[in-house]
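**Student:** Right, I'll just put the structure down here and ask away after.
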Amino acid sequence: MFLRQLIAGDKVKKAPVYITVAGYSIGLYALTYVDYFAVALGTTPLLQSVLVSVRNLGGNMLQLFWGALSDKRGRKTFLLYGFLVYGVTSVSFLAISSPITLILLVIIQSLLGSTIVPAWNALLGDYSVRKTRGAFIGEVTAFGTVAAVFAILLIGYVSDLVPGEINQYFVPFAVAAFCFFLAAVSSRRITEHMKPVTATATLREAVLKDRRFTKFLWINGIYRAMMALAWPLFAFVTVDVVGATKFQISIIWAIHMFIGALSQKYGGMLSDRIGRRKSLFWFHLPFFMVSLLYAIADNWLYLVAASFLGGFGMGAGTVALNSYILDCAHEEKRASYTALNNVVFGITSFCASMASGAAAEYVTGTLGLVPALHAMLLSISVLRFCSVFLYLKTDETLYAVGVEST
């Protein structure tokens, strides 16, 4: 279906969009090995939480600045810059031998590469209209995810053929670098669809007047904090408790991505039918089961089941989330709205991940690593389940009257 779309009519003009998202998606998923790489280098729960926290905060704290520039100067320049930063830093991972150096490089990558997200999401908004926005975003994102499924399986298979545990991580980092450079080249061929910017209210004025969006920022920030509590702990379960091989890790992620791709495409269409509020709730609900399965895991098949549920939540939930933000945003401030949400997300996830890592360090010293992981992940599952109901308090945007319809 995607191939037919790429060679038919207006879809030819969108071919660079699909090539760019494929390179971007493969590169990002290849970098999921960074967390496992840190554990292999001998990181502690506290250092692992620092790695996760600074990546989230660094990747989001400058997005408001980049988003505002993107709304004024276009998308392509900021996409190119971000992809090049990710490509160069991915190459640099090949020479790292200590967790501290890894954390420093991740900070550089997340800070300077944060130009991509607001520019990319705004680009998708430029290419879509409100009534079919969820379906379009789901279609494009699913294309990149499907490409990443095959790439991650190949990465895992080839990695297990390389002698030496540390050397095995060179494969995903080399693939990530190549794909980010490919995305950089392809992004230059994308046709801009931005409309001329006219004099409008400042972002602060626009957001303060938008009660729907300010409420959403609070609700999404709280829920993302509950999500982030578990993130520093997952890699320890995968490497130290389950002892998954590189190929098993690739299978786990491939299932996560394949289910994500399906849910991105069809979840986007469903979001256009049932509305954003219900989509945000139902699409994020399965995440409490992910941390629960990690809590009780004693072999890698538990993580396969978690990846199935997490893939659905990631794919459909991300489409619903981005569609909600773009529905709220003024046309000339799409990148800025996306960036503002990500700044809030970065701050809340940073605080939550750091708190989780510090708690895990203390509880591990008292109970031991495995009992500490079980206790904390069970508690986090309860918090995730309770906090997802907050999404039912958001205002519906799909059928909103008196706002832009493009």
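**Student:** Would you mind finding the one in Ile152, Ile100 that is over 20 Å from the mean Cα position of the chain (by Cα), at pLDDT 85 or above, aliphatic (A, V, I, L, M) and more than 18 Å from Gly59 (Cβ to Cβ)?
**Tutor:** Unique residue meeting the criteria: Ile100.
**Student:** Ala360 passes all but one of (1) at pLDDT below 90; (2) touching a Pro at 6+ places or on another chain (Cβ under 9 Å); (3) farther than 20 Å from Ile137 by Cβ; which number fails?
**Tutor:** (1)
**Student:** Determine whether Ser279 is of a type in the set (S, T, N, Q), in contact with an Asp or Glu (Cβ under 7 Å, 6 or more places away or on another chain) and buried (at least 23 other Cβ atoms within 10 Å of the Cβ).
**Tutor:** no
**Student:** If you go through region 307-324, how many residues are of a type in the set (Phe, Trp, Tyr) and touching a Ser or Thr at 6+ places or on another chain (Cβ under 9 Å)?
**Tutor:** 2
**Student:** Out of Leu94, Leu102, Leu111, Leu153, I need the residue that is under 30 Å from Gly42 (Cβ atoms), of a type in the set (A, V, I, L, M, F, W, C) and free of Cβ contacts under 8 Å to residues at least 60 places away in the same chain. Which one?
**Tutor:** Criteria check complete, one pass: Leu111.
**Student:** Further, regarding this structure: Suppose we filter region 169-221 for residues that are over 22 Å from the mean Cα position of the chain (by Cα), part of a loop (DSSP other than H, G, I, E, B) and at pLDDT 85 or above; how many remain?
**Tutor:** Residues meeting the conditions: 2.
**Student:** Follow-up. Under 7 Å between Cβ atoms, which residue pairs at least 6 apart in sequence (or on different chains) link something in region 255-275 that is among the charged types (D, E, K, R) with a partner that is assigned to a helix (DSSP H, G or I)?
**Tutor:** Filtered contacts from region 255-275: Lys265/Gly138; Lys265/Glu139; Lys265/Ala142; Asp272/Lys131; Asp272/Thr132; Asp272/Gly134; Asp272/Ala135.
**Student:** Does Phe385 fit the bill of being under 23 Å from the mean Cα position of the chain (by Cα), more than 30 Å from Ser70 (Cα to Cα) and in contact (Cβ under 8 Å) with a residue 12 or more places away in the chain?
**Tutor:** For Phe385, the condition - under 23 Å from the mean Cα position of the chain (by Cα), more than 30 Å from Ser70 (Cα to Cα) and in contact (Cβ under 8 Å) with a residue 12 or more places away in the chain - is met.
Table: residues versus (1) over 26 Å from Tyr18 (Cα atoms); (2) assigned to a helix (DSSP H, G or I).
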| site | (1), (2) |
| --- | --- |
| Ala244 | yes, no |
| Ser250 | no, yes |
| Met257 | no, yes |
| Ala261 | no, yes |
| Gln264 | no, yes |
| Gly267 | no, yes |
| Ser271 | no, yes |
| Ser279 | no, yes |
| Trp282 | yes, yes |
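**Student:** Let me ask you something else. What residue, of Ser323, Ser349, is assigned to a helix (DSSP H, G or I), touching a Phe, Trp or Tyr at 6+ places or on another chain (Cβ under 8 Å) and not β-branched (Val, Ile, Thr)?
**Tutor:** Exactly one of Ser323, Ser349 is assigned to a helix (DSSP H, G or I), touching a Phe, Trp or Tyr at 6+ places or on another chain (Cβ under 8 Å) and not β-branched (Val, Ile, Thr), namely Ser349.
**Student:** Anything in region 73-121 that is of a type outside the set (A, V, I, L, M) and surrounded by fewer than 21 Cβ atoms within 10 Å (Cβ to Cβ)? List them, or say none.
**Tutor:** Answer for region 73-121, where residues must be of a type outside the set (A, V, I, L, M) and surrounded by fewer than 21 Cβ atoms within 10 Å (Cβ to Cβ): Arg73, Gly74, Lys76, Thr77, Tyr81, Ser92, Ser97, Ser98, Pro99, Thr101.
**Student:** Out of Phe150, Phe93, Phe170, report the one residue that is out of contact with any strand residue (DSSP E or B) (no Cβ under 6 Å at 6 or more places or on another chain), within 22 Å of Ile19 (Cα to Cα) and not charged (D, E, K, R).
**Tutor:** Exactly one residue qualifies, and that residue is Phe150.
The values are calculated or read from the model by the stated rules, or taken from the named source; none is laboratory data. Bear in mind the structure is a predicted one, so any value in this text is a computation, not a measurement. No Cβ is skipped: glycine too gets one built from the backbone with ideal geometry, and neighbour counts run over all protein chains shown.
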